[in-house]
Structure formats: C-alpha cells, structure tokens
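Below you'll find the structure, written out as structure tokens, and then a few comments.
The values are calculated or read from the model by the stated rules, or taken from the named source; none is laboratory data. Since the structure is predicted, the reported quantities are computational estimates derived from the model, not experimental observations. For neighbour counting, all protein chains shown are included, and Cβ atoms are generated from backbone atoms with ideal geometry for every residue, glycine included. Surface accessibility is based on the protein's heavy atoms, side chains included, excluding ligands, DNA and RNA. Shrake-Rupley method; radii C 1.70, N 1.55, O 1.52, S 1.80 Å.
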Amino acid sequence: MNRKFLDMERLLRDQNKRIQKLEHTVASQKMEINELNSELANVKMQNSDKIELKGFREQLNRKVDPKVDNNLVHLVKNKRLLEGIQPSPVPIHTTAFYAYMNQTLTTLDQNRILIFDTVKTNINGGYSPYTGIFRVPVDGVYGFTFSVREDSTSYGSYEIIKNAEAVGSAIGIVEGINIQEQVIGTVIISASQGDDIFVRTHSSIQHHGAILSNTHGRSMFAGWLISH
C-alpha cells in the first residue's frame, strides 16, 4: 500500500513539473509573439518595403508555431495589396449659376444691386434670386459675367462687386432711334468661401432709363467655379 502511494506521489510530482515547464514555454511564446506583432505594427506604420517576407518567416519559424507564421504571412501580403491601392482623388464640387431678369427695370438709382430673379442654374446653391447676390460656397478661382440690355433712351455703367470692392465694370451709352445694345462685363477672380458677388449700377454715375429683358434679349448674370 505504501509503495503504491509513493508511486502515485512521484507520478503527480513529475506531471506537475511537466505542466510547469509547458506553462513556462507557453508564456515565453506569448511574449515573443507580442514582440513580433509590435515589430510588424512598426513596419506597417513606417510603410517600409525593405524587410522581405523571407526574413519574417525565418524569424517566426524559430520562435512561434506554424499557425502564427501563416497568419503573419497573410498579414504581410494584405499589407502589400493595400499599399498598391491608390487613394481616390478628392472630387471638386461643381459650382455654377445662371439667372436673368424676368421683366424690364426702370431706375435712376446709383449703387443699386440688380436682381436677376429667374434662376435657370444654381449648382451648389450659392445664388439668391431674392437679393441678386452670389455667396461663394468654396474657395477657388471663378468666372463671372453679366449682360445688361439697354434701349435708345437708356444709358448707364455697371459694376461687378466682390464684397465692397468693384472688380469689373462696363458702360453703355446709345443714341438714336430704334437702337439697342447689350452691355457686357466679364471677370476672372479668386474668391473665398463667404464672399458676396453681385452686379450693381455704378456707385458714382447716375443710371438713366430702362434695363430691358425679354425673349428677344435677356439681362443676365452668371458665374462658375474654374478651379478649386
């Protein structure tokens, strides 16, 4: 009876030693795996192509079991595939508007904002048909143009305004019976988000007579983003 007890005690002691040895081996492998994962993360962050897959495989074969090695191989392959994908370019927001007057306007006012109340195009929503003002939605280089139709009894000068600054002007003076003309102004300018662009009668020259607009000839205002 005592011999059997001693044999069992020795067997348990040997098993405990083997278990402790295995636990130590597992802990060591976990530490080594964590170190290798940290090294791989650093390589991915630095976007380095200098370390070859073969080197990783040899190092892992010495320290971890084959399942971990295979997982790392897949990670490296996926890294290279992802690095080969080029990011899509950031799209430029299209911005453009076109509006015209729906009826004839008669005025003697200086410094009067002209309201082009019929909107045909308003991409990105910058133009207001109630105020006649285009508020710039994104920074960029823009083109703006206006055309004002005058008859033989009318004359005036017109300005394209950016905030409080006149960035362009055009004048029209006609004399004679049954003569009409289109006074046209065009500018290419840089503008920032929030800037106000509009057309007005000249700030120091009195306007005289009517601004015409009908199916035979429109008084209009338009603008568009050239580059962002």
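Condition (residue is out of contact with any His (no Cβ under 7 Å at 6 or more places or on another chain) and at positive phi) applied to region 141-158: is it met by at least one residue? Steps first, please.
Filtering region 141-158 down to residues out of contact with any His (no Cβ under 7 Å at 6 or more places or on another chain) leaves 141-153.
From what's left, at positive phi: none.
No, that holds for no residue.
The set of residues in region 139-168 that are under 29 Å from the mean Cα position of the chain (by Cα) and either without any contact (Cβ under 8 Å) to a residue 40 or more places away in the chain or surrounded by 17 or more Cβ atoms within 10 Å (Cβ to Cβ) (or both) comprises Gly140, Tyr142, Phe144, Thr145, Phe146, Ile160, Ile161, Lys162, Asn163, Ala164, Glu165, Val167.
Determine, yes or no, whether Gly194 is crowded, with 18+ Cβ neighbours inside 10 Å and farther than 19 Å from Thr106 by Cα. If you could, list the steps in order and put the result at the bottom.
Numbers: crowded, with 18+ Cβ neighbours inside 10 Å: no; farther than 19 Å from Thr106 by Cα: yes.
So Gly194 does not fit the description; no.
Quick check on region 200-210. Is at least one of its residues in contact with a Phe, Trp or Tyr (Cβ under 8 Å, 6 or more places away or on another chain), part of a strand (DSSP E or B), open to solvent by 20 Å² or more (accessible area, probe 1.4 Å) and not hydrophobic (A, V, I, L, M, F, W, C)? Yes, there is a match, as at least one residue in region 200-210 is in contact with a Phe, Trp or Tyr (Cβ under 8 Å, 6 or more places away or on another chain), part of a strand (DSSP E or B), open to solvent by 20 Å² or more (accessible area, probe 1.4 Å) and not hydrophobic (A, V, I, L, M, F, W, C). Residue check: Ile211 meets all listed conditions (1) within 27 Å of Ile226 (Cβ to Cβ); (2) at pLDDT below 95 but one, namely (1).
Does Ile171 satisfy the criteria of being under 15 Å from Tyr100 (Cβ atoms), part of a strand (DSSP E or B) and open to solvent by 50 Å² or more (accessible area, probe 1.4 Å)?
Details: under 15 Å from Tyr100 (Cβ atoms): no; part of a strand (DSSP E or B): yes; open to solvent by 50 Å² or more (accessible area, probe 1.4 Å): yes.
For Ile171, the condition - under 15 Å from Tyr100 (Cβ atoms), part of a strand (DSSP E or B) and open to solvent by 50 Å² or more (accessible area, probe 1.4 Å) - is not met.
So for region 124-132 (the condition being at positive phi, in contact (Cβ under 8 Å) with a residue 12 or more places away in the chain and crowded, with 18+ Cβ neighbours inside 10 Å), does at least one residue qualify? Looking through region 124-132, at least one residue is at positive phi, in contact (Cβ under 8 Å) with a residue 12 or more places away in the chain and crowded, with 18+ Cβ neighbours inside 10 Å.
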